[in-house]
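Some notes on the structure that comes next.
The values are calculated or read from the model by the stated rules, or taken from the named source; none is laboratory data. What you are looking at is a predicted structure, and each value in this text was computed from that prediction instead of being measured. Heads up, the Cβs are rebuilt from the backbone with ideal geometry, glycines too, and the neighbour counts pull from every protein chain shown.
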Amino acid sequence: MGAYFIRRILIAIPVLLGITLLAFFVVSMTPGDPLISRMDPETLARMSANPEQLEAMRRQLGLDQPVPVQYLRWLEGVVQGDLGYSISTGRAIVDEIGPRIGPSITLMLLAALVALAFGLPAGILSAVHQYGKLDYALSALTVFLVSTPTFVLGLVAIYLFGVSLDWLPVGEMVTIGKEDDLLDRLSHYILPALILGLVNAALLMRYTRASMVEALGADYITTAESKGLAYRIVVIRHGLRNALIPVITVLAFLMPELIAGAVVTETVFNWPGLGQLSVKAAKAGDPSLMMGIVLIVGTAVLIASIVADLAYSIADPRIRFDRGR
Amino acid sequence: MAAETLAPAEAERAEQIVAGEHEGLVRMAVRRFTRHRLAMLGLVTLVTIIAIAALAPVLLPMDPITPDYENLGMPPSAAHLLGGDLSGRDVLARVIYGTRVSLIAGLGSVVVFVSIGTAVGLIAGSLGGVADQVLMRITDIFLSIPPLLLIIVFISIVGAGLGSVIAVIGLVYWPQTARLVRGQLLGLREAEFVTASRVIGVREREIVVRHMIPNIFGPLTVVATFGVASAILLEAALSFLGLGVKPPTPSLGEMIASARTPSVLQEQPWVWLPAGIVIALIVMSVNFVGDGLRDALDPKASRRG
């Protein structure tokens, strides 16, 4: 276990470095003077009167050095939490990104819960009734959910539940003036979480169904049945337990899907998260802000995939031995 | 083995093979594909949509860009079958020309990423060693950042437009293909028929070109087909977010974005809903065709799920 853990972390290090290289590349695409993305606008304005001070600042940041040195200096800052400044708003990147992490995580966690709540049972039912009517109906629904753009589903949901029936609020996380009202808050969460969740439930259902079909075809299922165990118990105790193992990694694969979906869902529902921020940054042509988002999200996905791999190796000890690359 | 020890059916097949009349791999794949009902339905729908999109200038009297101020936000009528949008442009024309843009974006980006991915996969798989390690770590980096986010990043650098959408989707999606090609290559290296060729003295280069690459085509076609579906959805999402095709070029995603105006969402469904339905229809058809191709070309993969 320990050796596997260490190997997994070692593989992650070059990837993490690659993410920072990519982020550095993005921030170096900032048009104009690189100082704009590195210093807060007020100080920069004050210094602009004094060219010598500007030169000193450039030297301090290593901007007069070759690119590899610039990268290392920049990385040094990043490690200490200095991500620089947004060129479109002039605020520190950390202050732009910080308040948006919470809303994005809230949305993605709720969506993941929705995906699990619908995707797992649907996948199991589909597998147990393989090639039955229920299986076909659920598969058709999956194809529909996977093929329809998230924003179309979101807009239709807004039209049905927000406008026609007027049951639910259709944007933002709270109603202004009702910040302490828990029910109001929850009602804002329902539509975005449901839309993002259902799209991912469709993907999860496909994996669960495939995994479950394979598990139910195994010899130990035949053995369990021939011992005279009730079919329900066989399905749950023997089939499901084994089928769930690969599903653990799928949850980690879903994370990029969740994030991509969140970019669109946050825009449709005007949700103040990182996805919405990334669209704003792209429209404003703000590479420094974009870089901050890439860094945060890339690192988060990397950590999630490590955690998933470790969880997988705990759930299924075989994996540690036969998955050496 | 002598013919008389075989069962009648096998003997018949053996005779066919000797006579050169056996069913070829291609015909077998075609037969499997045509038996897949949903795949055939998807193919027919797709061919119809492509035909309409290709013949748009012949079929339609109006173009998708010139506004007609009498048609400003008007509901469907005899002159404008799907009504007019908020600038008075014909919605039907915009849907059809938008479909063209979607298809071009989908096919274009697949050509880009399948080429890059195949090249990288072949290099990594055949060279092995350090080159393989480096290339695979690069794919890891790409795979650890959500594709849509990476695409938005590159778009923010190169700017919007159909060309950059195709280039950027292509540049972001190649790692999956590279992994697949490399994996197939490594698997084939150990396959019995490759060992057999080696044993009878076929040169290594000829083995790769004549025996291994043709065997990768099947899975690659399947990946490319599903890739078209993803790329069409991505182009639509980018245009919806305002980061895709530039106006006034019609795009289905951009048409749907007009529904973010509450009055359009509530009272003018003809402006955006047709575009949404068409995207779903295209993507669904492509996915069905992909399922059919997978069953036809890569039977080992489909048997599992």
- Task: Mind counting the residues in the stretch A:23-46 that are in contact (Cβ under 8 Å) with a residue 12 or more places away in the chain, away from chain B (no Cβ under 14 Å) and surrounded by 16 or more Cβ atoms within 10 Å (Cβ to Cβ)?
- Result: 5
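Report those helices (runs of 4 or more DSSP H) wholly inside the stretch B:1-86 carrying at least 3 residues which are at pLDDT 75 or above. Break it down stepwise before answering.
Values: elements: B:8-19, B:25-35, B:37-54, B:56-59.
Qualifying helices (runs of 4 or more DSSP H): B:25-35, B:37-54, B:56-59.
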- From the list A:Ala243, A:Ala218, which residue is in contact (Cβ under 8 Å) with a residue 40 or more places away in the chain and within 14 Å of chain B (Cβ to nearest Cβ)? A:Ala243
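Is it the case that some residue within the stretch A:255-274 is in contact with an Asp or Glu (Cβ under 7 Å, 6 or more places away or on another chain) and buried (at least 21 other Cβ atoms within 10 Å of the Cβ)? It would help to see each step written out before you state the result.
The initial filter retains those residues of the stretch A:255-274 that are in contact with an Asp or Glu (Cβ under 7 Å, 6 or more places away or on another chain), namely A:270, A:273.
Subsequent filtering for residues that are buried (at least 21 other Cβ atoms within 10 Å of the Cβ) retains A:273.
Yes, the stretch A:255-274 has at least one match.
Take A:Val143 and tell me if it is more than 26 Å from B:Gly42 (Cα to Cα) and among the hydrophobic types (A, V, I, L, M, F, W, C).
Values: more than 26 Å from B:Gly42 (Cα to Cα): no; among the hydrophobic types (A, V, I, L, M, F, W, C): yes.
When the stated conditions are applied, A:Val143 does not pass them.
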- Among the residues of the stretch A:89-102, count how many are crowded, with 16+ Cβ neighbours inside 10 Å and touching a helix residue (DSSP H, G or I) at 6+ places or on another chain (Cβ under 8 Å). 5
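The rows are residues; the columns are (1) assigned to a helix (DSSP H, G or I); (2) closer than 30 Å to A:Ser313 by Cα.
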{"site": "A:Tyr4", "(1), (2)": "yes, yes"}
{"site": "A:Ile9", "(1), (2)": "yes, yes"}
{"site": "A:Ile13", "(1), (2)": "yes, yes"}
{"site": "A:Gly32", "(1), (2)": "no, no"}
{"site": "A:Glu76", "(1), (2)": "yes, no"}
{"site": "A:Ser88", "(1), (2)": "no, no"}
{"site": "A:Thr106", "(1), (2)": "yes, yes"}
{"site": "A:Leu109", "(1), (2)": "yes, yes"}
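Can you pull out every residue in the stretch A:1-22 that is among the aromatic types (Phe, Trp, Tyr) and crowded, with 17+ Cβ neighbours inside 10 Å?
Narrowing the stretch A:1-22 to residues among the aromatic types (Phe, Trp, Tyr): A:4-5.
Scanning the stretch A:1-22 gives a single hit, A:Tyr4.
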- Picking from B:Gly98, B:Gly117, B:Gly106, B:Gly125, the residue that is out of contact with any Leu (no Cβ under 7 Å at 6 or more places or on another chain), within 14 Å of another protein chain (Cβ to nearest Cβ), surrounded by 19 or more Cβ atoms within 10 Å (Cβ to Cβ) and outside any loop (DSSP other than H, G, I, E, B) would be B:Gly106
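For the condition modelled with pLDDT of 90 or more, facing chain B (nearest Cβ under 9 Å) and in a helix (DSSP H, G or I), what is the one hit in A:Val297, A:Val279? Walk me through it before giving the result.
Numbers: A:Val297 fails: modelled with pLDDT of 90 or more.
Unique residue meeting the criteria: A:Val279.
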- Qualifying residue in the stretch B:226-235 (condition: assigned to a loop (DSSP other than H, G, I, E, B) and at the interface with another protein chain (Cβ under 8 Å from one of its Cβ atoms)): no
- Scan the stretch B:162-174 and give yes if some residue there is surrounded by fewer than 24 Cβ atoms within 10 Å (Cβ to Cβ), more than 30 Å from A:Ile296 (Cα to Cα) and of a type in the set (Gly, Ala, Ser), otherwise no. no
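Got at least one residue in the stretch B:244-258 being out of contact with any Cys (no Cβ under 7 Å at 6 or more places or on another chain), of a type in the set (Ser, Thr, Tyr) and closer than 19 Å to B:Trp174 by Cβ?
The first filter runs over the stretch B:244-258 and keeps only residues out of contact with any Cys (no Cβ under 7 Å at 6 or more places or on another chain), leaving B:244-258.
Of the ones still in play, those that are also of a type in the set (Ser, Thr, Tyr) are B:249, B:251, B:258.
Filter once more, keeping what is closer than 19 Å to B:Trp174 by Cβ: none.
No, the stretch B:244-258 has no match at all.
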- Task: Any residue in the stretch B:172-190 that's over 14 Å from B:Ile123 (Cβ atoms): show its pairings with residues that are surrounded by fewer than 18 Cβ atoms within 10 Å (Cβ to Cβ) at Cβ separation under 6 Å, as long as the two are six or more apart or on different chains.
- Result: B:Leu188/B:Asn215
- Message: For the list (1) more than 16 Å from the chain's Cα centre (by Cα); (2) part of a helix (DSSP H, G or I), I need the number of the one condition that B:Ala160 fails.
- Response: (2)
- Message: Go through the stretch A:252-261 and report how many residues are facing chain B (nearest Cβ under 9 Å) and touching a residue at least 24 places away in the same chain (Cβ under 8 Å).
- Response: 6
- For the stretch B:189-209, name all the residues that are surrounded by 13 or more Cβ atoms within 10 Å (Cβ to Cβ) and part of a helix (DSSP H, G or I). B:Arg189, B:Val194, B:Ser197, B:Arg198, B:Ile207, B:Val208
- Item | Of the criteria (1) assigned to a loop (DSSP other than H, G, I, E, B); (2) more than 20 Å from the chain's Cα centre (by Cα), which one B:Val245 fails | (2)
- Note on the structure: Just one listed residue, out of A:Asp184, A:Asp95, A:Asp166, A:Asp180, is within 14 Å of chain B (Cβ to nearest Cβ) and charged (D, E, K, R), and it is A:Asp166
- Query: Do we find a residue being hydroxyl-bearing (Ser, Thr, Tyr), part of a loop (DSSP other than H, G, I, E, B) and surrounded by 20 or more Cβ atoms within 10 Å (Cβ to Cβ) anywhere in the stretch A:161-177?
  - Reply: no
- Kindly indicate whether B:Leu150 is within 12 Å of chain A (Cβ to nearest Cβ), closer than 24 Å to A:Thr150 by Cβ and within 21 Å of the chain's Cα centre (by Cα). yes
- Can you tell me which residue among A:Ala224, A:Ala202, A:Ala193 is in contact with a His (Cβ under 6 Å, 6 or more places away or on another chain), assigned by TED's automatic domain parsing to the domain that holds A:Leu274 and of a type in the set (A, V, I, L, M, F, W, C)? A:Ala224
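Which ones in the stretch A:197-247 are polar (S, T, N, Q) and over 18 Å from A:Leu125 (Cα atoms)? Step through it out loud before you land on a result.
Let us first name the residues in the stretch A:197-247 that are polar (S, T, N, Q), namely A:200, A:208, A:211, A:222-223, A:226, A:242.
Matches in the stretch A:197-247: A:Thr222, A:Thr223, A:Ser226.
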- Message: Name the residue that is farthest from the other protein chains (Cβ to nearest Cβ), counting only residues in the stretch B:153-167 that are free of Cβ contacts under 8 Å to residues at least 12 places away in the same chain and hydrophobic (A, V, I, L, M, F, W, C).
- Response: B:Val158
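Out of curiosity, is A:Gly62 under 25 Å from the mean Cα position of the chain (by Cα) and free of Cβ contacts under 8 Å to residues at least 40 places away in the same chain? Even if it seems obvious, please write down each step before you answer.
On the way: under 25 Å from the mean Cα position of the chain (by Cα): no; free of Cβ contacts under 8 Å to residues at least 40 places away in the same chain: yes.
Here the answer is no, as A:Gly62 does not meet what is asked.
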- Item | Pair list, Cβ < 8 Å and 6+ apart or interchain, from the stretch A:301-312 residues that are within 12 Å of chain B (Cβ to nearest Cβ) to residues that are outside any helix (DSSP H, G or I) | A:Val301/B:Ile145; A:Val301/B:Pro146
- Message: Of everything in the stretch A:17-30, what is out of contact with any Gly (no Cβ under 8 Å at 6 or more places or on another chain) and in a helix (DSSP H, G or I)? Give them in sequence order.
- Response: A:Leu17, A:Gly18, A:Thr20, A:Leu21, A:Phe24, A:Phe25, A:Val26, A:Ser28
